[in-house]
Structures are given as C-alpha cells and as structure tokens.
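Contents: one structure, followed by commentary.
The values are calculated or read from the model by the stated rules, or taken from the named source; none is laboratory data. Remember, predicted model here, so these are calculated numbers, not experimental data. Note that each Cβ is placed from the backbone with ideal geometry, even for glycine, and that neighbours are counted across all protein chains shown.
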Amino acid sequence: MPNFTLSLSIQKHTLSNIQNWIERNALSLIVFVLTILSILLFLFYYLNGLGLAYNDARSHLDIGRRVVEGLKPGIAQLGSVWLPLPHVLMIPTIWIDIFWHSGLSGALVSMVSFVSMGVIIYLFLKSLGAGLLGRFFGVIVFVANLNILYLQSTAMTELLLMATMTIGCYYLLLWAKKEEVLYLIKSAFFIMLSTLTRYDGWFLFLFAALLVAVKVLIKHGFKISLGQLKEVYQETEGKLILFSTLAGFGIALWFLWNLVIFKDPLYFAFGPFSARTQQAQLEAAGELHTKYNIVLSTVLYLYALIYNSYAFTVILGLFGLIALWFSKIKTEIKVAAMALLAPLFFNVLALFLGHSVLFIQGISGNTWFNVRYGIMLLPAIAVFTGFLVDKLKNLRWTFIGLFAFTTFFAFSSGDSVAIDDARVGSSQKNVTEVSGWLSRNAKDRTGFILISAASHDAIIFSSGLPMKKFIHEGTGAYWESATTAPDRWARWIVMRTHDDNDLVWKDVSRSEGFKKYILVDSYPFADIYELDEKYLGDLNTGPTFGKQK
Amino acid sequence: MKIIKKIFKPVFFILFLLFTVSILALSIRGVYGNPTTETLNSLYFKDDGPLELSPEKGRFALIYSLIEDKSFHFSLPVAKTVTPDLGYQDGKYVSLFDPGVSIIAAPGYIIGKYFNVSQFGSFAVIALFALANALLIMGVAKKLGANGIASSLAGLVFLFGTPAFAYAVTLYQHHVTVFLMLLSIFLLVKYKGILPLFFVWILVVGSLIADYPNFFLFLPIGIYALGRVFPIEDIDNRVKLNIKILGLISFITILIPVSLFLWVHKVSYGDPLQLAGTVRSVKDFDVDGSPLFREDLLRREGKVLEAETLNKGKTPIGFFKTRNFIKGLYLHLVSDERGILVFTPVLLLSLIGIYYSYVKIPKVTALLLALIGMNIAVYSMWGDPWGGWAFGSRYLIPSYALLSIFVAFTLTKFRGRGLVLILFLVLAAYSISVSTLGALTSNKIPPKVEAVALEPISGKKEHYTYLRNWEFLSNNGSKSFVFQTFGKDYVTARQYFFMVVGSIIIVMTGQIIYLYLTARKDPPSRKATEGERI
C-alpha cells in the first residue's frame, strides 16, 4: 500500500528551547492566568449575588469594618473568636464602602491566596522532581474546582488558610531536602501566619513540629548508639525550638491578646462567643452527632472531602500519595510532604472531640453545614495527583483524560457543595427582609439601632447602613448604656424575642425602658422594635461618648 | 508433540464453541409462541415471561413494530405494552430506547417467527453477540501475550462468571456495545497501520446507534486510533509529526454509521438529531387512548408542577452528575445490590494482571484502563447507577469484558502456581453460580430502597441481592426457554440450575488442570508483546 504521509519535523533543541522558555516563565504564566480568572470569577459571583451568600463572609467583613469605622473603632474590634489575620489584611481596603459592601476587601485576600496557591503547587511539585506536565497538571487540579473558584471570590478564610499552610509545608519540604535552616524559618513563619488565620493552623504547627523531629531522627537513622543519642537529642531539640519559637509565636500572641483585651487568655476557647459554646448548644439540641464517634467523624469528613474535591480527583490523589510514598525520593522528604495531610487529621479530630460541626445532606440530617471544610485537602490532592501523572508516564494521558472528563461534568452540573451550603444550607442566612426594613426605615432617620453583632452581623452588613449607626457588643459605653436604658439610646432594637442566646434580648427585655418600644415587624431571624414616638425627646441620637479606650 | 498441538488447537476451539453455544442455548430466556398484538401485553410474555422489564419490553416492541407494522412508531396496543418507557413525538408513540439493538435483533425475530419462537429468536441474536465477545476476549488476550488456555478461561469468566451472562440471554444493548468495543480493540491490536482504521471508525461511531453513552465510552479508542493517523516519531535530533493521508481518508467511513444514525432517528423521531432519551415520555393513557404525561397525572392528583420544572427539557449531559460519583462507585464496586465484589469477585484477580500487563504492554494497558475508567466514571455519575431493576451492575459489562482480559494475564503469570489456580477456581465457581442464577431466573432485582418500600405492601421480606433469584429458583422458577418448553417436565428448576452450573465449573476445572500441567512442562516466560509493537 502506498505510504502517503505529510511530515512536520521539529528539532529537539527547538523543543528543548520552548520547554526552557515555558519553565522560565511558568510562574509568570500561572500568575497571569490565575489573576485574570480570579478577577472574572469575583465579578461573576458578585453580580449573581452569591459572593456574599455565606453568613460568615458578611461577619468577617463587618469585623474588618469595625476596626476602622463605628461608634468605637479600633484594633480591639478584631474580637476573640475568629483569629485576626484575615481581618487585619482587610484593614487597608475595608474603609472604602464599595470594598466593604461588595465583599472585595475580603475577597481580595482570598484572590491573592488563590493565585499564590497556583504558584506554590507548581513549586511544590518541582521540588518533588515532577516534570512540567505534572506541575501544570497539579495546578489545574487545584484550579478546576468550582468550590475553590467560588471560595476565592468570597470573604471567607479558606483560601488564606490554605495558602499559608501550603507555603509553610512547601518550605518544610525544602528544608527536609536541602537542610538549610533558612527554609525552616520560612516554614515556621508561614505556619505562624496560618495559626493566626484559623485554628486548623494550630494543629499544623504541632503536626509540623512532630515532622521536624521525625525528619531529624530519619536523617540519623534509627540505629543510633548511646553515644550518638545525646547528639541526636540536642539536634532535635535545637531544631524544634528554632521552629516552634517562630511558628508558635502567633499562638502565644493570641493568648496574650485575649488576656489583655478580655482578661482571660483562654477567652477565645471558653468565652460566650466561642465555638465551644456554640457546639454546646448544638449538643444540647442533639445535633452534635460526631462527638466521641470516630467512625462518623471520619466518614463525614471523607464525604466532605470527596464532595469538595470530586470523587475521581480524590481517587487520583490517593494513588498519587501511594506513588509518592513508594517512590525513590528520600524518606525525610516524603515525611515532610505528609504535612499536607494535616487538615485531614485535624478535621476528623475536631469533629470527634466535638470542637467542630459538619452536616452532610443525606447523611447527617437534610442540610449542609460547614461542608467547605472538606476543601482543605485539595492542595494535597493537587500535589499528589501532579506527582502521579509525572511518574506513571504511560498512564498519564489516561488519568488526564479521565480527570478532564469528570471535571467537565462537575462544571456542567454546577457541582459545588460550598455554593449549596451558602445558598440553601445552614451556612446561609437570608436576612434581606429584616435588613431591607432597616434600610428603608432607618437610613434617613436619626437614632441608633441596638443589635447583637454576635447574633446578627449579617443583618448589620446587609442593611447597607454605616457601622456607626449600630450599638453592638463592641461599642463599650454605648452598649452598656443602651442595654441598661434602651429608651435613651436606641431608636430601634433588633433581636430574637424570647431567645436568651441573643444578648440584646437577654439584657434589654428585663429593663424598664423596653416597655416603651412597639414591635413593628417580625421576621424569621429577628424582630424589630421601635421606640414609641412620644419618647423620642429623651433619645440620644449622636455619638456623645467621644473617643473611648 | 507439535502435530498433536496443531490438531488439538482446532479441536479445542470447536469444543469450546460447542460448549458455550450449548450453555447459552440452555439459558436464553423465552416462551413458546409468536406474540401478537393481543398477547404481547399478557403476563405470559411480560411479568411472568421473558419481557419482564422495560428495556427488553421496549426493544422487543420496536422489533415487533418494525417487522409486523413496518414502522418505527408504535400502534396503540403495542404502545401500551411499553409504558412507562414510552415516548411521544409529533403525535406518534415512539421508543425511548436507542433503536440500534432492535434493528440488529430483527433477523432473529424473522427466523424465530418461522419456528413460532419469534421472541426467542430475537433474544438469541444477543446470545450470539455474547459468544462473539467471549471469542474476542480470547483473541485479544492471546494477541497481547496471554496463554491460550488462560485466554479461553478469561472468555468463559466473562461469559458465565459475571452478570454479563444474565444479559446475554435477553434483549439488552450491553453485549452489542461490548462486541463493538472488543472488535475495535482486536483490530487495533492485531493489525498495524491504517487499514484497520477504516473499520474502527465504523465501529466507534456505529456504537452510538446501540447506546448513546457509548459516545463517551468509545472516546479512548477513538483517541488511540487517532494516534495512528498522526504518529509521532523520535528520530535522532528531531521529533517528527506525521500525518497519514490514508488515515485522513479513513474518516470517510464514518459517513456510513452517521448516515444510518441520522436516518434511523429521522424515521423514528422526525428529527435526525433527536435523541431517544430526550423525547417527552408518556406515563399512562387516557380512556380514549390519548397519552397522559407526568404533569397530567400530577394534575389529576391535585398537584401542580412548577413552571421551572415543566420547562426543564431533558438534555443528554444532564443525566451525569459528579455529585453521584461516590455513591455510584460504591454501588458498582462493593455494594451487595450490584457490586463486583459480591456478584463477580473472580474479577478481583484482574488487578494482578493489570500490573503485569502494564509492565509488558503499557500502551495497550493504558487504553484498556482508560476504557474501564471511562465506563466506571460514566455510570457512577449516572442518575440511576442501579440500572433500574437489574441483576448485578449491568452498566459495567464492558468493564467485565476488559477486566477478563487482565484475568488472562493473571492466569498466565501464575499458571504454575497451584494455590493461585485453586483460588481462581473457588472465586470463579462462586461467580459462575451467582451469574448463572441470574441468567436462568430473572433480572427483576429492585434497588434496596425500593425493596424496603415494597415490604409493607407485600408483607414479606423483599430481597435486593441475588437471594431474590434464589427465592425465584426455589419456587421452581426459571425463565430459560429450554427449561420452560422442555425441561420442566423432567427436572426441577433447581436441578436445572445445578446441571448448568456444574457443567461450566467442570469444564473450567478441566481447563485449569490442563493449564497447570502444561505450565509445569513449559515455565511461564513468554515474551510475546504484540502490544508493544503497536
């Protein structure tokens, strides 16, 4: 049979040049593409209204805003429950109204973290010896995920946490590989940042410290003579102190902060707004099913992980983890890479101990809650998958093809549990009715609104009113005065009637002044009371306390 | 010795054929008599008979219409047998199933009709495809370097040791799909160069007529075959991308199945691009014979469908959701409802074969794994991974076939290891027993959720595993044509079952012993790696 063939030849050195060019410019390319993507997606979710769907996103933005605006602005407004870094990073922009109300101030942090994640996954894989394809594939696995794309467009803290943790793990890997102490310091620094972002970082700190010790032991081998034992001990101790001093600095600062501001170093853990208190309420209501149930805790978290990262990707990640573990890479490097798995252990442990709550629709009730916690393992999955694709050369296109196929359907079916939780799960709070009322009736009228920020931050945010219109727990003398004599300070009161968990109701409902209010409207999340007009003459309507400490 | 081997080979092949044909013939479901418009809707043919579920009912009704009414549209009496999987398009009742299988099985109907067994004849066509599949598994495995006996065992494992058996004796699309898939692989493995592509494109695109999801299932074959049109060569200091002109010309053959596809859909649904599954479905009939749709039934119950739901048209990709993946995967692989682990654990041995195959013939292994991965992915994302009321995971039948090829590799590698062969025999005996149970009785196994819901109505334990088949068999039930027509006067259904299962296990045991004995004489050190040269 005649062999009609057209041929295109390319010199290998040309290919090599192209590859070198890509390699040289890979990071710029990633930054460029991810930045464009990040901006477009922020606009997309802002315009369709989903960007602020999470109740927590609005609360984060309010915390940042209270630092710069309100009846008692200042750094103390960072509060005690949520760790401060996400809100501190908002401060440079949150004073601009559009940045506050569009959520951009918080989203900006997530967006920068998102782009950084692309870079760090690329570098992580490079450090593991993966080729260009594997590195880019790892980045794609991370990016081609609707949950990530959504969360990076919001003021939630997941992306910042992921970025600080992953960068910390990356430098830990470099330290394990190159033995340069500077990398250990860098790792400690980023892990410290993660400890100031969310409590997941605290676990990473402990986990990484353990890995540092294990790494030193592996370096010396496990067959150590008695004479060497002291030497190994000293080295381990030295490295641990060096690492922990910086990595644990944020935690120490947080204890100090709580001591100085709230007079109790453990206020964040045992205070009235702590997660523990909230979990206690859930437990009392019989909703904390995972507490002391390791099987359910593990199952629920695995479901969250699979729903967030997509099942096929998780399977690839698992194969990648196995491939990495059985690869010829030095054991201490592999051990360091395992730091990426910290969120898995943390979340299961937190659920088991009852410090965290997670609802998966169809398994634990008929709603979603906090399901986004499952996304925390996506960086690990991306890295392991990239490694797998690099190592199994003959199967790489099979894996890439199947990944592309399943991801296509993830997008075509709009598969995002993070969005579902925000739209219809327990993480959403549609307060438009009550905030709409405030916006219509309080905007152009003088007087303060008394409200508990701990219970109704979403209402404060959604009302679109300036923060200085509200008297809340963080306003010092205003709060104390208004909860004692509401009729002198609050023209409106927003609270859940007959619910002592609402601090306003708890304090105000027993006061004499409360009798002067009329219930003007009732909504699912709160009721609105307005001071009877005949008492308006005695009402303070201006910030008369001046600058408070 | 060589002469004996030369003589033995064709004899073995003929014996193999005779054996498989006999077992299939003993198992094909059916009843005597040609169904008519009056009898088609009777219990004799439907629930108590071979047309027990909507897939075979719908497909057989289409054959009936094609032959008896010379139409792709159903007359009202025929349409009534097909509900609830009945479509309505342009004032005509149409099938909701892809028409390919009905067209393929029509010759069987015609021949069967001559002997007053038109339904049996139609089903026998699928059995022939199943037989061809077993032979193709043998062929592909051998071509890839597996031992001949091990390859024939792999063929038997697929045919009788997986739920594929239960679908070889009725009118489903799966064996046709597997045939097109295996034939494509066989052509690519056996023949080098461009020539096989002329046929492969026909098979790949033609598979769409049998079952629409084949579009996804056959993608890896299409991509693999494309590699021959655009081969890349690594020569010294250059990389050369070749474009085979003849390869480009081979795409012309796509026109054959494409034309057929468009024509069939034009005459069926009035629109060449209208897919069967996206047609509006009829749920019942009014007293005057006019169709009733979902919204009509809800309206009668006093419920109103929201406009959004009403306007939501069916789209082909809308059936697949990644959110279903983990549930589907569990169901297909490990659940007692449909899982491989419960229905055909012998395939677990393929995992060892995958490793050895990957080491020897990585490229072909990658293709086969891509096909398996695609099959599992597609049907794990599918809204109904159970496949309705079904025996085992019918959607994974293509994977069973491909995994069987890897079983051949496992057997080849360990053919001198008695313990492994005994393990294989034990797993195979279990898998064959389960699969034969399904084949000889019924595919009407509900998903667990439906079985549980049925219990208060029926007032008895409703099984959702193969125990339901055992219950059926224990009540002297078998839907085998031979048993129902001739056998039931002489043996009970259970005795019939043991005879069939026993025959298969005895034959396989003989093959295993032969494999073991030859391995001891001839240590396993085959170098045949045809795949490497592809």
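Does A:LEU388 meet the test of being in a helix (DSSP H, G or I) and closer than 29 Å to B:PRO362 by Cβ?
Working: in a helix (DSSP H, G or I): yes; closer than 29 Å to B:PRO362 by Cβ: yes.
Criteria met by A:LEU388.
Scan the stretch B:74-92 for residues that are small (Gly, Ala, Ser), more than 13 Å from B:ARG280 (Cβ to Cβ) and in contact with a strand residue (DSSP E or B) (Cβ under 6 Å, 6 or more places away or on another chain) and jot them down. Step through it out loud before you land on a result.
If we filter the stretch B:74-92 for residues that are small (Gly, Ala, Ser), which is where we start, we get B:75, B:79, B:87, B:91.
With the extra rule that they be more than 13 Å from B:ARG280 (Cβ to Cβ), the set shrinks to B:75, B:79.
Across the stretch B:74-92, the qualifying residue is only B:ALA79.
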Seminar exercise, completed: When (1) within 14 Å of another protein chain (Cβ to nearest Cβ); (2) of a type outside the set (A, V, I, L, M, F, W, C); (3) in contact with a helix residue (DSSP H, G or I) (Cβ under 8 Å, 6 or more places away or on another chain) are applied to A:LYS12, the one that fails is (3)
Problem set entry | Criterion violated by B:ASP211 - all others in (1) more than 14 Å from every other protein chain (Cβ to nearest Cβ); (2) surrounded by fewer than 16 Cβ atoms within 10 Å (Cβ to Cβ); (3) among the acidic types (Asp, Glu) satisfied | (2)
Exercise. Of A:ALA380, A:ALA311, which residue is among the small types (Gly, Ala, Ser), within 28 Å of B:ALA377 (Cβ to Cβ) and within 14 Å of another protein chain (Cβ to nearest Cβ)?
Worked result: A:ALA311
Problem set entry | Unmet criterion (only one of (1) assigned by TED's automatic domain parsing to the domain that holds A:TYR529; (2) surrounded by fewer than 18 Cβ atoms within 10 Å (Cβ to Cβ); (3) out of contact with any Gly (no Cβ under 8 Å at 6 or more places or on another chain)) for A:SER455 | (2)
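Yes or no, residue by residue, for (1) away from every other protein chain (no Cβ under 14 Å); (2) hydrophobic (A, V, I, L, M, F, W, C):
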position	(1), (2)
A:ASP264	yes, no
A:ALA285	yes, yes
A:TYR303	no, no
A:PHE319	no, yes
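Residues are listed down the side, and each one gets a yes or a no for (1) hydrophobic (A, V, I, L, M, F, W, C); (2) touching a residue at least 60 places away in the same chain (Cβ under 8 Å); (3) farther than 30 Å from A:LEU358 by Cα:
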position: A:GLU433; (1), (2), (3): no, yes, no
position: A:GLY447; (1), (2), (3): no, yes, yes
position: A:HIS456; (1), (2), (3): no, yes, no
position: A:THR484; (1), (2), (3): no, no, yes
position: A:ASP487; (1), (2), (3): no, no, yes
position: A:LYS506; (1), (2), (3): no, no, no
position: A:GLY513; (1), (2), (3): no, no, yes
position: A:TYR523; (1), (2), (3): no, yes, no
Seminar exercise, completed: Conditions (1) among the hydroxyl-bearing types (Ser, Thr, Tyr); (2) modelled with pLDDT under 95; (3) out of contact with any Ser or Thr (no Cβ under 9 Å at 6 or more places or on another chain) -> A:TYR122 fails only (2)
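Can you give me the number of residues within the stretch A:251-268 that are crowded, with 18+ Cβ neighbours inside 10 Å and under 30 Å from A:PHE359 (Cβ atoms)?
Of the residues in the stretch A:251-268, the ones crowded, with 18+ Cβ neighbours inside 10 Å are A:251, A:254, A:257-258, A:267-268.
If we keep only those that are under 30 Å from A:PHE359 (Cβ atoms) as well, we get A:251, A:254, A:258, A:267-268.
Here the count works out to 5.
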Problem set entry | Lone qualifier among B:LEU219, B:LEU262, B:LEU297 - being in contact with a Pro (Cβ under 6 Å, 6 or more places away or on another chain), more than 20 Å from A:THR5 (Cβ to Cβ) and surrounded by fewer than 19 Cβ atoms within 10 Å (Cβ to Cβ) | B:LEU262
Problem set entry | Top-ranked residue of the stretch A:383-409 - restricted to ones that are aliphatic (A, V, I, L, M) and within 8 Å of chain B (Cβ to nearest Cβ), ranked as farthest from A:LEU128 (Cα to Cα) | A:LEU402
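Do we have any residue at all in the stretch B:146-161 that's within 14 Å of another protein chain (Cβ to nearest Cβ), more than 12 Å from the chain's Cα centre (by Cα) and either part of a strand (DSSP E or B) or modelled with pLDDT under 95 (or both)?
Pass one, the stretch B:146-161, residues within 14 Å of another protein chain (Cβ to nearest Cβ): none.
Looking through the stretch B:146-161, none of the residues is within 14 Å of another protein chain (Cβ to nearest Cβ), more than 12 Å from the chain's Cα centre (by Cα) and either part of a strand (DSSP E or B) or modelled with pLDDT under 95 (or both).
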For this session: Determine if the stretch A:242-265 includes at least one residue that is touching a residue at least 24 places away in the same chain (Cβ under 8 Å), over 25 Å from the mean Cα position of the chain (by Cα) and in the same structural domain as A:ILE120 (by TED's automatic domain parsing).
Result: yes
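Could you check the stretch B:191-205 and list, in sequence order, the residues that are in contact (Cβ under 8 Å) with a residue 60 or more places away in the chain and either in a helix (DSSP H, G or I) or polar (S, T, N, Q) (or both)?
Within the stretch B:191-205, no residue meets the criteria.
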For this session: Sort out which residues of the stretch A:298-325 are buried (at least 20 other Cβ atoms within 10 Å of the Cβ) and under 20 Å from the mean Cα position of the chain (by Cα), and write them in order of number.
Result: A:LEU300, A:TYR301, A:TYR303, A:ALA304, A:LEU305, A:ILE306, A:TYR307, A:ASN308, A:SER309, A:TYR310
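Only one residue in A:TRP21, A:TRP82, A:TRP100 is away from chain B (no Cβ under 14 Å) and at pLDDT below 95. Which one? Don't jump to the end; show me each part of the working.
Details: A:TRP21 fails: at pLDDT below 95; A:TRP100 fails: at pLDDT below 95.
The match here is A:TRP82.
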For this session: Return a yes/no flag: does the stretch B:235-256 have any residue that is in contact with a Gly (Cβ under 6 Å, 6 or more places away or on another chain) and either touching a residue at least 24 places away in the same chain (Cβ under 8 Å) or among the hydrophobic types (A, V, I, L, M, F, W, C) (or both).
Result: no
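To keep it simple, each residue is scored yes or no on (1) surrounded by 22 or more Cβ atoms within 10 Å (Cβ to Cβ); (2) without any contact (Cβ under 8 Å) to a residue 24 or more places away in the chain.
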position	(1), (2)
B:LEU18	no, yes
B:THR36	no, yes
B:ILE63	yes, no
B:ILE67	no, no
B:THR83	no, no
B:PRO99	yes, no
B:PRO107	no, yes
For this session: Pull up the stretch A:73-99, narrow it to residues that are surrounded by 23 or more Cβ atoms within 10 Å (Cβ to Cβ) and without any contact (Cβ under 8 Å) to a residue 40 or more places away in the chain, then point me to the one that is farthest from the chain's Cα centre (by Cα).
Result: A:ILE94
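Inspect all residues belonging to the stretch A:410-417 and state whether any of them is more than 14 Å from chain B (Cβ to nearest Cβ) and surrounded by 20 or more Cβ atoms within 10 Å (Cβ to Cβ). Full working, then the answer.
Within the stretch A:410-417, the first condition is being more than 14 Å from chain B (Cβ to nearest Cβ), and the residues that meet it are none.
No, the stretch A:410-417 contains no residue that is more than 14 Å from chain B (Cβ to nearest Cβ) and surrounded by 20 or more Cβ atoms within 10 Å (Cβ to Cβ).
Evaluate the following for B:ILE232: is it within 29 Å of B:SER357 (Cβ to Cβ), touching a Lys or Arg at 6+ places or on another chain (Cβ under 9 Å) and within 14 Å of another protein chain (Cβ to nearest Cβ)? Even if it seems obvious, please write down each step before you answer.
Working: within 29 Å of B:SER357 (Cβ to Cβ): yes; touching a Lys or Arg at 6+ places or on another chain (Cβ under 9 Å): yes; within 14 Å of another protein chain (Cβ to nearest Cβ): yes.
Yes; evaluated as a whole, the condition is true for this residue.
Does A:ALA526 fit the bill of being buried (at least 24 other Cβ atoms within 10 Å of the Cβ), in contact with a Lys or Arg (Cβ under 7 Å, 6 or more places away or on another chain), over 20 Å from A:VAL68 (Cα atoms) and not assigned by TED's automatic domain parsing to the domain that holds A:GLN281?
Numbers: buried (at least 24 other Cβ atoms within 10 Å of the Cβ): yes; in contact with a Lys or Arg (Cβ under 7 Å, 6 or more places away or on another chain): yes; over 20 Å from A:VAL68 (Cα atoms): yes; not assigned by TED's automatic domain parsing to the domain that holds A:GLN281: yes.
Considered against the rule, which asks whether it is buried (at least 24 other Cβ atoms within 10 Å of the Cβ), in contact with a Lys or Arg (Cβ under 7 Å, 6 or more places away or on another chain), over 20 Å from A:VAL68 (Cα atoms) and not assigned by TED's automatic domain parsing to the domain that holds A:GLN281, A:ALA526 comes out as yes.
Please give the helices (runs of 4 or more DSSP H) falling wholly within the stretch A:242-310 in which 3 or more residues are among the small types (Gly, Ala, Ser) and either at pLDDT 95 or above or at positive phi (or both). Give the steps one after another, and end with the answer.
Values: elements: A:249-262, A:267-270, A:275-284, A:294-309.
Hits in the stretch A:242-310: A:294-309.
Could you pull out the residue among A:THR164, A:THR236, A:THR197 that is at negative phi, in a loop (DSSP other than H, G, I, E, B) and crowded, with 16+ Cβ neighbours inside 10 Å? First the steps, then the outcome.
On the way: A:THR164 fails: in a loop (DSSP other than H, G, I, E, B); A:THR236 fails: in a loop (DSSP other than H, G, I, E, B).
The conditions single out A:THR197.
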Problem set entry | Qualifying positions in the stretch B:336-359 - without any contact (Cβ under 8 Å) to a residue 40 or more places away in the chain and either of a type in the set (Phe, Trp, Tyr) or more than 14 Å from chain A (Cβ to nearest Cβ) (or both) | B:LEU341, B:TYR355, B:TYR358
